[in-house]
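Undergrad: Sharing a structure with you now.
Every read-out reported here was derived from the displayed coordinates using simple, explicitly stated rules and does not represent laboratory data. Remember, predicted model here, so these are calculated numbers, not experimental data. Note: ideal-geometry Cβ built from the backbone for every residue, glycine included; neighbour counts use all protein chains shown.
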């Protein structure tokens, strides 16, 4: 099975210098590409000089994660794409159990490995942890991470299991499925486009898997910090995008519930004196309304058949019932 590891880069010379050696060392089974999103630093020249075996694809503009990968992957021939963040350290034989799973399971279309925190190496990392899920209102959470509570890795997620979404920090996907799904939705730009992609895959009957015998370490927030208001804007707006396109059921009541719950999040930011994040939520909803005709048009062309993994509200479970660990849900 021909595998291509594709690292999207935008002004990330320092990250490439730090993390590319581990990818090269432990990925003999794959071809490695860097897809450059019109960087203004000397990333491309640095790769050509320091890592001459790496193949480079130069996008004409910075279209974010979604468009950046859509454009780059058109130029790559492989059976499986591995979309890998530039701030990831991989480990010995990390590819083997994932490729074995693809070979053994024809209907498995998307896989992610165990994602641990690069700076706190015995804890799961925020962006994906041990596989992602959604609740009945479309809020994402993970095995190993619910909101800002991160679990210690005690081997509790060393399994291989079906999940709802795989992390964009390290997402393996069959090329034929990526093309069937028409890639990422470029309206998302960045953040949660992988959830939308996995949701659409689920709705077509494909399986998304977590393979806990493969491990990577992710820095997280290297391009945009979790505490940055722009990330708040993208997360709230793009979550509404994904729900509107893909969620089964009465869309009016679902969006109404989201507006109320997002308002509660705004009140929380108010008490924390995070006024820029309140403004980000408001901008997110304005952006959502501006895209509503496009989203409703998309909804008409997509299947909405998938069941929710968490039938109650993860917000209620976490903040009211104090269920901070996945096993307590």
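Undergrad: Quick one: compute the contact order of region 3-218, relative version, from alpha carbon pairs under 8 angstrom and 6+ residues apart, as a percent.
TA: Working: 458 pairs, mean separation 54.7, N = 216.
Reported relative contact order: 25 percent.
Undergrad: Averaging over all projection directions, find the projected area of the Cα convex hull of region 3-218 and quote it in nm² with one decimal place.
TA: On the way: hull surface 44.8 nm².
Answer in nm², one decimal: 11.2.
Undergrad: Between 0 and 90 degrees, rounded to the nearest ten: what's the tilt of helix 229-246 against the longest Cα principal axis of the chain?
TA: That helix lies at roughly 80 degrees to the long axis.
Undergrad: Ok, one more. Can you compute the modelled spin-label distance between residue 264 and residue 316, with each label point 7 Å from Cα toward Cβ, in nm?
TA: Once both label points are built, they end up 0.8 nm from each other.
Undergrad: Between the helical axis of 275-301 and the dominant principal axis of the chain, each derived from Cα atoms, what acute angle in degrees is found, rounded to the nearest 10?
TA: Long axis of 275-301 versus the principal axis of the chain: about 80 degrees.
Undergrad: What is the Cα radius of gyration of region 128-179 over 2.2 N^0.38 Å, N being its residue count?
TA: Scaled against compact globular proteins, the figure is 1.26.
Undergrad: Right, something else. Please give the direction-averaged projected area of the C-alpha convex hull for region 127-251, in square nanometres with one decimal.
TA: Mean shadow area of the hull around the Cα atoms is 8.1 nm².
Undergrad: Where the centroid of each part is defined by its Cα atoms, how far is region 272-289 from region 147-188 in Å?
TA: With region 272-289 and region 147-188 each reduced to a Cα centre, they are spaced 27 Å.
Undergrad: How would you rank 319, 253, going from fewest to most other Cβ atoms within 10 Å of each one's own Cβ? Display every interim value, and only then the final one.
TA: Values: 319 15, 253 9.
If I rank by nearby Cβ atoms, fewest first, I get 253, 319.
Undergrad: Over 23 Å apart: what share of the alpha carbon pairs of region 229-328 falls there, rounded to a whole percent? All intermediate terms of the calculation are to be shown ahead of the outcome.
TA: Details: 1686 of 4950 pairs.
The calculated P(r) of region 229-328 puts 34 percent of pairs beyond 23 Å.
Undergrad: A follow-up question, please. Quick check: residue separation of residue 250 and residue 301 times 0.36 nm, minus the Cα distance between them. What number comes out in nm? Let's see the in-between values first.
TA: On the way: separation 51, 0.36 × 51 = 18.36 nm, distance 1.67 nm.
Length gained, residue 250 through residue 301: 16.7 nm.
Undergrad: What residue among 235, 182, 303 shows peak mean-square fluctuation when the chain is described by a Gaussian network model with Cα springs under 10 Å?
TA: Top of the fluctuation ranking is 182.
Undergrad: D for region 1-78, whole µm²/s, Stokes-Einstein with Kirkwood Rh over alpha-carbon pairs at 4 °C and 1.567 mPa s: what number?
TA: After rounding, the answer is 103 µm²/s.
Undergrad: Taking the number of other C-beta atoms within 10 Å as the exposure measure, put 231, 307, 248 in order starting with the fewest. Spell out each step's value before the answer.
TA: Working: 231 18, 307 9, 248 13.
Result, fewest neighbours first: 307, 248, 231.
Undergrad: Say R0 is 30 Å: what FRET efficiency, to the nearest 0.05, do residue 161 and residue 2 get from their beta-carbon distance? Walk me through the numbers on the way to the answer.
TA: Details: r = 26 Å, r/R0 = 0.87.
About 0.70, to the nearest 0.05.
Undergrad: Comparing 78, 265, 30, which has the greatest mean-square fluctuation in the GNM of the chain with Cα pairs linked when under 10 Å apart?
TA: 265
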